[in-house]
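Engineer: Sending over a structure as structure tokens; questions will come in a sec.
The values are calculated or read from the model by the stated rules, or taken from the named source; none is laboratory data. What you see is a predicted model; the values in this text were computed from it and never measured. For neighbour counting, all protein chains shown are included, and Cβ atoms are generated from backbone atoms with ideal geometry for every residue, glycine included.
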Amino acid sequence: MRATVPQATEDSAITIPGKQQEARVNERIRVPQVRVIGDDGSQIGILTTREALAMAQSKGLDLVEVAAASRPPVCRIMDYGKFKYEQNLRARKARKNQHQMQLKEVKMRPKIEDHDYNFKLRHAREFLAERDKVKFTITFRGREMARMELGYKIIEQILVDLAEIAVVETPARAEGRTLTMVVSPKPITGGKPAGKAASSDAGKPAPDASAAS
């Protein structure tokens, strides 16, 4: 029965789980025989490890073990230093593109004016469009503590204005002199985030706070 030769590519051949297991290279490969893949991807066949290493060195390249569990192990001739450099570049790029969700805070007062409300809501839309969570904090002072319902009206208006792009993560709750609520961006379901389309719609009036005189 003919043995199946593992197909190894430059991107996927070397599997290094975390930093626990490093690929064996050149003289670190101690088995007597290896199945060799050329630097051009061709199947060279089974050689002694000494012969395979000499072939790699004659080209100024490295012999890298890419499938240690195979019998015999599979090795590829490649520029290992260049491979590691490109692998690290790809990893850094992937980390850069992977957004870490942050918690942004938007502070308001129970007697907030319309233009201030719209200004702060626009910032909240921008945070949500960037896939960050937003914590709304409404702070009460002095006699405003007796009119907590004004804060809840602002919270209700925020939920209406952000309904298309946000979901409630932590419902509104009173903590001392503050009323807080946390919202997070709605999951992306196939196209662009809803926040991009809705970010220009910031002209919603603030709740009527005229009763707080």
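Engineer: Quick one: how many residues across region 132-142 are farther than 19 Å from V160 by Cα and surrounded by fewer than 17 Cβ atoms within 10 Å (Cβ to Cβ)?
Structural biologist: Total meeting the criteria: 3.
Engineer: Which members of region 86-124 meet the condition of being of a type in the set (D, E, K, R) and either touching a Lys or Arg at 6+ places or on another chain (Cβ under 7 Å) or at pLDDT 85 or above (or both)? First the steps, then the outcome.
Structural biologist: At the first step, the residues of region 86-124 found to be of a type in the set (D, E, K, R) are 86, 90, 92-93, 95-96, 104-105, 107, 109, 111, 113-114, 116, 120, 122.
Those that are of a type in the set (D, E, K, R) and either touching a Lys or Arg at 6+ places or on another chain (Cβ under 7 Å) or at pLDDT 85 or above (or both): E86, R90, K104, E105, K107, R109, K111, E113, D114, D116, K120, R122.
This table checks each residue for (1) within 17 Å of Y117 (Cα to Cα); (2) in a loop (DSSP other than H, G, I, E, B); (3) under 27 Å from the mean Cα position of the chain (by Cα).
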| residue | (1), (2), (3) |
| --- | --- |
| M148 | no, no, no |
| V168 | no, no, yes |
| P171 | no, no, yes |
| I188 | no, yes, yes |
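Engineer: Another one. Restricting attention to region 66-87, report how many residues are more than 15 Å from I44 (Cβ to Cβ), within 33 Å of the chain's Cα centre (by Cα) and either buried (at least 17 other Cβ atoms within 10 Å of the Cβ) or not hydroxyl-bearing (S, T, Y) (or both).
Structural biologist: Residues in region 66-87 being more than 15 Å from I44 (Cβ to Cβ), within 33 Å of the chain's Cα centre (by Cα) and either buried (at least 17 other Cβ atoms within 10 Å of the Cβ) or not hydroxyl-bearing (S, T, Y) (or both): 10 in total.
Engineer: Can we say D62 is touching a helix residue (DSSP H, G or I) at 6+ places or on another chain (Cβ under 6 Å), buried (at least 17 other Cβ atoms within 10 Å of the Cβ) and of a type outside the set (F, W, Y)?
Structural biologist: In short, yes.
Engineer: Next up: What number of residues within region 58-93 are closer than 22 Å to P32 by Cα, touching a residue at least 24 places away in the same chain (Cβ under 8 Å) and not in a loop (DSSP other than H, G, I, E, B)?
Structural biologist: 12
Engineer: Can you tell me how many residues within region 121-146 are assigned to a loop (DSSP other than H, G, I, E, B) and either under 22 Å from the mean Cα position of the chain (by Cα) or within 13 Å of E169 (Cβ to Cβ) (or both)?
Structural biologist: The qualifying residues number 3.
Engineer: Now for a different question. Quick one: what pairs do we get from region 105-118, first residue aromatic (F, W, Y), second part of a strand (DSSP E or B) and buried (at least 16 other Cβ atoms within 10 Å of the Cβ), C-beta under 9 Å, 6+ apart or different chains?
Structural biologist: Partner pairs satisfying both residue conditions: Y117/M108.
Engineer: For region 181-191, name all the residues that are farther than 15 Å from R131 by Cβ and at pLDDT below 95. Show your work before the answer.
Structural biologist: First, pick out the residues of region 181-191 that are farther than 15 Å from R131 by Cβ: 181, 190.
The one that is farther than 15 Å from R131 by Cβ and at pLDDT below 95: G190.
Engineer: Considering each of Q7, Q43 in turn, give the residue that is more than 30 Å from K133 (Cα to Cα), among the polar types (S, T, N, Q) and modelled with pLDDT of 85 or more.
Structural biologist: Residue meeting the stated conditions: Q43.
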